[in-house]
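Shown next, in structure tokens, is the structure this report addresses.
The values are calculated or read from the model by the stated rules, or taken from the named source; none is laboratory data. The model shown is predicted, which means the values in this text are computed figures rather than measured ones. Here the Cβ positions follow ideal geometry from the backbone for every residue, glycine too, while neighbour counts run over all protein chains shown.
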Amino acid sequence: MQILPLMVMIPFLKADIQPTKHHRVERETPQVAVNYSPKKGSKVSSKIARPWCSDTYDEKDGLVIMEMENTTSDLDLWVKKTNMANYRGSGHLEFTGNSITNGPPNSPLEYKFKINTAGEYRLWLRAHKRLETDREDLSNDCYVRLAGDYTAGTGEKDAPLDALQKDTKLFGGKADEWGVAIQLDLPGGIKKEAVYTFKAGETYTLTISGRSKNFNIDRIMFYKRDQFKYGEAIKAIDENEESSCSDGSSAGGGSGSGGSGGGGSTDTTGTGNNPASLLSLIKARNMITPNGDGNNDIWRIDNITLIDNYEVIVFNKAGQVVFRTADYATPWDGTQQGNPLPQGVYYYNLVLEHKGVKEKKSGYVTLLR
């Protein structure tokens, strides 16, 4: 009830702001692959770490490999991280909802792919369980379901079709390194494999939803079962490049080094040279919880470091500016000049400019400790 009058009473703080020139930006993988050229003199790299498909991944040689972070879905309770060594791509995703034991399907993420060679394909996830206790049967699962025209696998250990079409628990992974989550847990404690009989030319949509807190996923792989033995499949999910895309864009190149993420690709496609499309992808999250647990400790603004110029302004209910920057390489962490701010609702202005197109966005963010 208090937000609307405050937004009317507090004017936009600066109508025509010129951000600091040559500001340094350390960019992470954007939410969509784009074409862009850094301004002359800027220290911004022209490489984007492993941009993803703007359309659909293509199966080739019996494999579909997709980086978990490369989804167009809202991450919601999934958090992108780079702290587990030897990840591939630009990072991995950790689920932060529910409990470490279980919970209902939460924060669904979608991945589309096309099959070119018909056959039986098995689903594997490259996974890690970040444990909070000595029990290794916790933080080790998610839900998976697949939409499209397919039938179940024909093997004795393969899951029935109804289990593949609905949210079903898939579990596995290792505590100290990356492992694989490969088994479905059906009612009655029955364990089955996620195997799908795909048709050539068909497109499918995989949905992965969070189940247990602290479960990490690095990559998703479908492999043609009659082409890969177990050891070959392990090598493929660990080492092969991400699959290419049906729209002609490329999501391949580079791997993580356990800290910064690595690799890159130039002149990628997605929004192309449409500045308005890129500006529309800049979205600020509405919550920050700087309590030191590694989840939502900073305020995230998706894609803002991809544009030419911007300024971020955060202010309190009294209209006093508590954070202001034209370099979001160091995001707001809920402090003012290093001093923790009290819990509550704060307001923001984003002043954006890309290739001559200007836009201003306003909203609020809730700070909880």
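Take Ser90 and tell me if it is under 20 Å from Glu242 (Cα atoms), touching a Pro at 6+ places or on another chain (Cβ under 8 Å) and of a type outside the set (Lys, Arg). It is false that Ser90 is under 20 Å from Glu242 (Cα atoms), touching a Pro at 6+ places or on another chain (Cβ under 8 Å) and of a type outside the set (Lys, Arg).
Taken over the range 203-248, the residue count meeting the criterion of being within 17 Å of Tyr150 (Cβ to Cβ) and out of contact with any Phe, Trp or Tyr (no Cβ under 9 Å at 6 or more places or on another chain) is 1.
Scanning the range 312-369 for residues that are more than 26 Å from the chain's Cα centre (by Cα) and on the phi > 0 side of the Ramachandran plot turns up Gly319, Gln337, Gly338, Gly344, Lys355, Gly356. Of all the listed residues (Asn303, Asn291, Asn286), the sole one being touching a helix residue (DSSP H, G or I) at 6+ places or on another chain (Cβ under 8 Å), touching a residue at least 24 places away in the same chain (Cβ under 8 Å) and under 30 Å from Arg130 (Cα atoms) is Asn303.
Do you know which of the residues in the range 151-170 that are surrounded by 14 or more Cβ atoms within 10 Å (Cβ to Cβ) and acidic (Asp, Glu) is farthest from Ser209 (Cα to Cα)? Result: Asp158. Only one of the listed residues (Arg126, Arg135) is free of Cβ contacts under 8 Å to residues at least 24 places away in the same chain and not hydrophobic (A, V, I, L, M, F, W, C). That residue is Arg135.
Taken over the range 140-158, the criterion of being in a loop (DSSP other than H, G, I, E, B) and either without any contact (Cβ under 8 Å) to a residue 24 or more places away in the chain or of a type in the set (D, E, K, R) (or both) is satisfied by Asp149, Glu156, Lys157. Report the residue count in the range 159-197 for those that are farther than 18 Å from Met84 by Cβ and not in a strand (DSSP E or B). Within the range 159-197, residues that are farther than 18 Å from Met84 by Cβ and not in a strand (DSSP E or B) number 13. The set of residues from the range 290-308 being surrounded by fewer than 18 Cβ atoms within 10 Å (Cβ to Cβ) and more than 18 Å from the chain's Cα centre (by Cα) comprises Asn291, Gly292, Asp293.
For every residue, the table says whether it meets (1) among the aliphatic types (A, V, I, L, M); (2) closer than 23 Å to Thr154 by Cβ; (3) free of Cβ contacts under 8 Å to residues at least 60 places away in the same chain; (4) assigned to a loop (DSSP other than H, G, I, E, B).
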| residue | (1), (2), (3), (4) |
| --- | --- |
| Tyr204 | no, yes, no, no |
| Ile208 | yes, no, no, no |
| Ser212 | no, no, no, yes |
| Arg219 | no, no, no, no |
| Tyr223 | no, yes, no, no |
| Asp226 | no, yes, no, yes |
| Asp238 | no, no, no, no |
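Across the range 68-86, the number of residues qualifying as in contact (Cβ under 8 Å) with a residue 60 or more places away in the chain and under 21 Å from Gly97 (Cβ atoms) comes to 9.
Does any residue of the range 277-290 turn out to be at pLDDT 85 or above and more than 30 Å from Ile220 (Cα to Cα)? Yes, that holds for at least one residue.
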